[in-house]
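A.B. asks: The structure follows.
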Amino acid sequence: MSETITANIPHQLGREEARRRIAEGMDGFADAIPGGAVTEKRWEQDTAFFTIEALGQRLACRLDVTEDAVIATFELPALLGPFAGAIRRKLEEYGPKLLR
């Protein structure tokens, strides 16, 4: 069974600047998993969809950009469930750095 990780990352950049920084630094989210790499990415208006592949698994990721926050949602396959806490910590660490 998969597990969903959600994080709310506040910012004061406005929607456009936050979106620009995410576009430039999206690949850095893959560092949340050893050996991870972003293999697919696309934007639909103010939502980024991307896939991280690591350890033979695929994570579906979504970043919803608003005026004052980014809502990050990562769908972990069952095999990565035991790493959910570590992945959440990395996400909560990297997201704010990206939006400073």
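The values are calculated or read from the model by the stated rules, or taken from the named source; none is laboratory data. Only a predicted model underlies this, so the values are computations on that prediction, with no experimental measurement involved. Note that we place each Cβ from the backbone using ideal geometry, even for glycine, and neighbour counts take in every protein chain shown. In case anyone asks, the SASA skips ligands and DNA or RNA and just uses the protein heavy atoms, side chains included. Shrake-Rupley method; radii C 1.70, N 1.55, O 1.52, S 1.80 Å.
A.B. asks: Just need a number here: residues in region 69-85 that are of a type in the set (A, V, I, L, M, F, W, C) and open to solvent by 90 Å² or more (accessible area, probe 1.4 Å). So that I can check it myself, show each step before the final result.
C.D. replies: Initial filter on region 69-85 (of a type in the set (A, V, I, L, M, F, W, C)): 69-72, 74, 76, 78-80, 83-84.
Those left that are additionally open to solvent by 90 Å² or more (accessible area, probe 1.4 Å): 79, 83.
The total comes to 2.
A.B. asks: Kindly list, by first and then second residue, each pair from a residue in region 1-13 that is farther than 13 Å from Glu92 by Cα to a residue that is assigned to a strand (DSSP E or B) and charged (D, E, K, R), limited to pairs with Cβ atoms under 7 Å and residues at least 6 apart or on different chains.
C.D. replies: Cβ pairs passing all conditions: Ser2/Glu75; Thr4/Glu75.
A.B. asks: Which residue out of Ala60, Ala37, Ala48 is out of contact with any Lys or Arg (no Cβ under 9 Å at 6 or more places or on another chain) and either surrounded by 15 or more Cβ atoms within 10 Å (Cβ to Cβ) or touching a residue at least 24 places away in the same chain (Cβ under 8 Å) (or both)?
C.D. replies: Exactly one residue qualifies, and that residue is Ala60.
A.B. asks: Shifting gears a bit: For a quick check of your reading of the model, give me the residue pairs whose first member lies in region 86-100 and is more than 15 Å from Asp68 (Cα to Cα) and open to solvent by less than 30 Å² (accessible area, probe 1.4 Å), whose second is of a type in the set (Phe, Trp, Tyr) and not in a loop (DSSP other than H, G, I, E, B), with beta-carbon atoms closer than 9 Å and at least 6 apart or on different chains.
C.D. replies: Every condition considered, the pairs that remain are Ile87/Phe74; Leu91/Phe29; Leu91/Phe74.
A.B. asks: Got at least one residue in region 65-79 being over 15 Å from the mean Cα position of the chain (by Cα) and modelled with pLDDT of 95 or more?
C.D. replies: Yes, the conditions are met somewhere in region 65-79.
A.B. asks: Another one. Go through region 24-34 and report how many residues are under 11 Å from the mean Cα position of the chain (by Cα) and open to solvent by less than 70 Å² (accessible area, probe 1.4 Å). It would help to see each step written out before you state the result.
C.D. replies: Within region 24-34, the subset under 11 Å from the mean Cα position of the chain (by Cα) is 25-32.
Still in the list and also open to solvent by less than 70 Å² (accessible area, probe 1.4 Å): 25-26, 28-30, 32.
Total satisfying the criteria: 6.
A.B. asks: If you go through region 3-23 one residue at a time, how many are open to solvent by less than 90 Å² (accessible area, probe 1.4 Å) and either among the aliphatic types (A, V, I, L, M) or over 14 Å from Ile87 (Cα atoms) (or both)?
C.D. replies: Kept after step one, since they are open to solvent by less than 90 Å² (accessible area, probe 1.4 Å), are these residues of region 3-23: 3-7, 9, 11, 13-15, 17-19, 21-23.
Adding the requirement that they be either among the aliphatic types (A, V, I, L, M) or over 14 Å from Ile87 (Cα atoms) (or both) leaves 5, 7, 9, 11, 13-15, 17-19, 21-23.
Within region 3-23, residues that are open to solvent by less than 90 Å² (accessible area, probe 1.4 Å) and either among the aliphatic types (A, V, I, L, M) or over 14 Å from Ile87 (Cα atoms) (or both) number 13.
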